[in-house]
Every structure is written in C-alpha cells, then in structure tokens.
Amino acid sequence: MSAATILVIKLGALGDFVQALGPMAAIRSHHRDARIVLLTTAPFVAFAKQSTYVDEVWVDDRPKVHQVGRWLALRRRLRGAALQRVYDLQTSSRSSRYFQLFWPGPYPEWVGIARECSHPHANPRRDSMHTIERQAEQLGIADIAPVPPPDLSWARADFGRFGLADRFVLLIPGGAPHRPGKRWPAERYASLAQILAQRGLQPVLLGTDNEAASLDEIAAACPTAVSLAGQTSLLDIAALARSATAAVGNDTGPMHLAAAAGCPSVVMFSHESDPALCGQRGPMVRILRRSALADLGVAEVVDALNAVSPRPRVVSGDGPPFVTGGA
C-alpha cells in the first residue's frame, strides 16, 4: 500500500512563510509516513527543499483569471496527485479557489476556509488573531497539536565568502517599496552603525538589489560596515542570523528569519502594521512601535538592544553591551 499524499499550501509572503514553519513541522510529525508536498511560489523553493518538513515542492505560478490553460494544468496536477488531505496555510481567496478545482469530486479532506471543506476554520475572529495562534487553532481542528514555534536549525549556508568580522550585527533597513512608512529613517541606521562600530561590532546591511543605493549610503557613514544588498539567499540570511550578535530592522520578512533563527532582534513597527497580528516572535525579540518611525530615536533602539542581547554574546569584559547615544 502506497503512502498517503498530503499537500500543504503556503505561497508567501516571506514573514508569513517563516511563521508557517512551525505548522509545517507539526504536519510532518503528525503524518510521519506520508508523502508531503508543498505548493509554494518560486522565491521559497530552494529554502523549502532544504527543510525536513516536505518531500517534494511544487511551484505555483499563480495563474491569472484569464489564463485558462494554466488553471487547467493546475487542476490536472491537483486531481492527479490522489491527495488524501490538504492543509491550506495560505487561507486566501486564491488558495480557497484551488479547492473548487476538484469539482465535481472526489474532494480531498481540506483544512482551511474554503466553502464546504471538510475541516473549516470557522472562528469569526480568526482575522484578529496573530498568525501563529491562528494557524495553531486551524491545525487543532484536524487534531494536530502541539504546534512548535518556527525552527531554522536545519537551514545551512556558507557565508564565509562575505569575509565578515567575527562579531557582527545585522541591520535590515529595507521593506516594501510601496510602504515607506514602515522604514526607520536611513540616517538613524547610519548613526546606529557608528555606535556598533565603536563597540567593535561590524554592521552588516541586508537588502535587495533595489535597496543597494540606500544601503550603500548607510554603509558610507561607517567605514567598517558592509552592504550585502542583493547577495544573500534566504538560507544565507538564516545562517547569518544564527551567528550574528544581534539584528535590527523594520517590519520586513528577513527580520522574521532572524527571530526564528534565535538571533537577539529588535524590530521596529509603525502604524502601518500591527505586531499583535504579525509580529516576530521569540525569546530574544523586542518590538518597538511608534505611529511614525521618525519619532523613534537611536538611543531607544540601543536600549532595546541592551535589553534583548545576552551579555556574553555582545561584549566581553565589564563594560555595557552597547554605548547609549544618538538622537
């Protein structure tokens, strides 16, 4: 008798994907003998393949409404896989539409919010729950518990090619280009980089190719800083975070990787996102929130770093972990 095939749907974005790693681990534990397939988008394929949670990764190219041929191809793939159960961790209108692709049946067991699915997460307050609690409750409907926090101990990458100092702090000043209100001002990051350098910590800036100019500007204010804009994969970021002294950044996907990797992390939120719904979680995570991030001073961020960072990892000797200063 062949093993059952289980499908997990998680398309993105990065922060949401990281917060789904705990549920994926719980699904793997619950279905130890099953073949588990992940349906996701291209940016997460290499990352997911290195995990121990899935046996196979399918790429969802997210067909548009008018692309009938691509919808039919997706339908053939789903129906031909003889799926026993689907865990829809995306729970969006798109992923719920995939349930309808099984019409006229037979339908697999479906754990999600699709109309008439077998295991509906029908809590009317689900959209006001933090992602982690919401997904744990959703899996509980299918008798899966407990759901562990995200764990990136399996994520491996050799970042020796970057030639970094032994002690470094990740700075992640970017974010969605259409939401500038989610970014702490670049000049504040430059001031923070200078303070870190004074304490013998190398500032390492992470971001995309599109953020290179901004990161280079911050790095220019601090001779020991280095910009890795456009040079890091998700696996690189996880490995860097596991070795870093600390990480500081805006509410953006790489900060979820840092927190899940166990890196002492300070994350800055503005009025444009709510940490009660999507905030990074972890024993060494400190969230700072201001309506406008321009109102958040460098000294407050340094104080947060002092509070969240384990002393032995930050500095040797009798001095304080970081020098307080800056506007």
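Bear in mind these aren't lab numbers, they're just calculated from the coordinates by the rules spelled out. Everything numeric here is computed off the predicted structure, so don't read it as measured data. Note: ideal-geometry Cβ built from the backbone for every residue, glycine included; neighbour counts use all protein chains shown.
Averaging Cα coordinates gives a centre for the range 14-80 and one for the range 174-249; these two points are 31 Å apart. Taking the longest Cα principal axis of the chain as reference, the axis of helix 68-80 is set at about 70 degrees. Here LYS182 is the anchor, and the lysines within straight C-alpha reach of less than 25 Å, apart from those fewer than 8 places off in the same chain, are LYS10. When a/c is below 1.5 the answer is rounded, else prolate if a/b is larger than b/c, else oblate, so apply that to the range 199-245 with a ≥ b ≥ c taken from the square roots of the Cα gyration tensor eigenvalues. In terms of gyration-tensor shape, oblate.
Taking amide H positions as modeled 1.01 Å from N, with prolines and chain starts lacking one, the residues under 5 Å from ARG286 and 5 or more places away or on another chain are SER265, VAL266, VAL267. Working note: 222 nm ellipticity from helices only, DSSP H runs with n ≥ 4, each -39,500 (n - 2.57), summed and divided by the residues of the chain, gives -9500 deg cm²/dmol to the nearest 500.
By the beta-carbon count within 10 Å of each Cβ, the least crowded to most crowded order of ARG79, ARG281, ARG161, fewest first, is ARG161, ARG79, ARG281. Rounded to the nearest 10 degrees, the angle from helix 186-198 to the longest Cα principal axis of the chain is 60 degrees.
Which shape class applies to the range 5-140: rounded if a/c is under 1.5, otherwise prolate when a/b exceeds b/c and oblate if not, where a ≥ b ≥ c are the square roots of the Cα gyration tensor eigenvalues? It is rounded, given that a/c, with a ≥ b ≥ c, falls under 1.5.
Let me make sure I get this right: for the range 160-314, a, b and c are the square roots of the gyration tensor eigenvalues over alpha carbons, sorted descending. Under 1.5 in a/c it's rounded, otherwise prolate if a/b > b/c, else oblate. Which is it? It comes out rounded by the Cα gyration axes.
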